[in-house]
Amino acid sequence: MANKAQQPPHLHLAEVTASQFLDIWKHFDSDGNGYIEGKELENFFKELEMARRGAGVDPTNPTFREKMKEFMQKFDKNKDGRIEMSELAQILPTEENFLLCFRQFVSSSAEFMAAWRRYDTDRSGYIEANELKLKMFDLNGDGKLGLSEMARLLPVQENFLLKFQGVKMTSEQFNAIFTYYDKDGNGYIDEQELDALLRDLYQTNKKEVDPTNLSGYKQSIMSLSDGGKLYRGELEIVLCREPIV
């Protein structure tokens, strides 16, 4: 494991597989925040240059900085000074570029959630990895893809699940929350009840939840609903740390 941490994987290859692509991502996004940025970005560009040129590079050389600037102008599509997964997919030649295929059809959290609902037909909160041939995103290797694993396909700014990481709750907390907001006890939460839940979540977790995005969060979560009815299982995979058994 130590060798893997010291040696950037696969950058020397003319074409990487889907799983190699994810290895590269996990190596350079060392803090797991969804971006390659700061020192991570400098390390990535340095190692990419070394792999492509077959020689060492000097990050203190002005030429290195100029090349890195040109590189970012080409690939940093949203001009935020960082590389996210969808941008990395444009940089690395990938033989199984599911990312790009997926991104052609899904461009927002709401569209993503609607697509998820189509594939998670039994409402288990998982889809079988081999059904979509997306084993590259099966981060815990259990042969199933959870919602948060699949959501890595979204650009970071569209991935509201990433922004909800700080408010994930236990099964017990979730059950209490669901019971409280399902005011009429009909077993599902409607849009108005979800609105109240999200606003209360904001009041409790002001640092993690951006109030300007509450309507977007609501739209994305409601995309999981069945005709405007958000059942326990759908909301649980968004708000809970681990599926309720």
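The values are calculated or read from the model by the stated rules, or taken from the named source; none is laboratory data. What you see is a predicted model, and the numbers here were worked out from it, not measured in a lab. Cβ atoms come from the backbone with ideal geometry, glycine included; neighbour counts cover every protein chain shown. Side chains are part of the model used for accessible areas, which takes the heavy atoms of the whole protein and leaves out ligands, DNA and RNA. Shrake-Rupley method; radii C 1.70, N 1.55, O 1.52, S 1.80 Å.
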Quickly run through the range 30-63 and pick out the residues that are closer than 20 Å to residue 12 by Cα and modelled with pLDDT of 90 or more. 36, 40, 41, 42, 43, 44, 45, 46, 47, 48
Looking at (1) among the aliphatic types (A, V, I, L, M); (2) open to solvent by 30 Å² or more (accessible area, probe 1.4 Å); (3) modelled with pLDDT of 85 or more, find the lone condition where residue 245 falls short. (3)
Can you name every residue in the range 214-230 that is of a type in the set (Ser, Thr, Tyr) and either in a helix (DSSP H, G or I) or open to solvent by 40 Å² or more (accessible area, probe 1.4 Å) (or both)? 215, 217, 220
State yes or no: is residue 191 modelled with pLDDT of 85 or more, of a type in the set (D, E, K, R), open to solvent by 50 Å² or more (accessible area, probe 1.4 Å) and touching a Lys or Arg at 6+ places or on another chain (Cβ under 9 Å)? yes
Testing residue 50 on (1) in contact (Cβ under 8 Å) with a residue 60 or more places away in the chain; (2) of a type in the set (A, V, I, L, M, F, W, C); (3) open to solvent by 40 Å² or more (accessible area, probe 1.4 Å), one condition comes back false. Which one is that? (1)
How many residues does the range 53-69 contain that are open to solvent by less than 50 Å² (accessible area, probe 1.4 Å) and either touching a helix residue (DSSP H, G or I) at 6+ places or on another chain (Cβ under 7 Å) or assigned to a loop (DSSP other than H, G, I, E, B) (or both)? 4
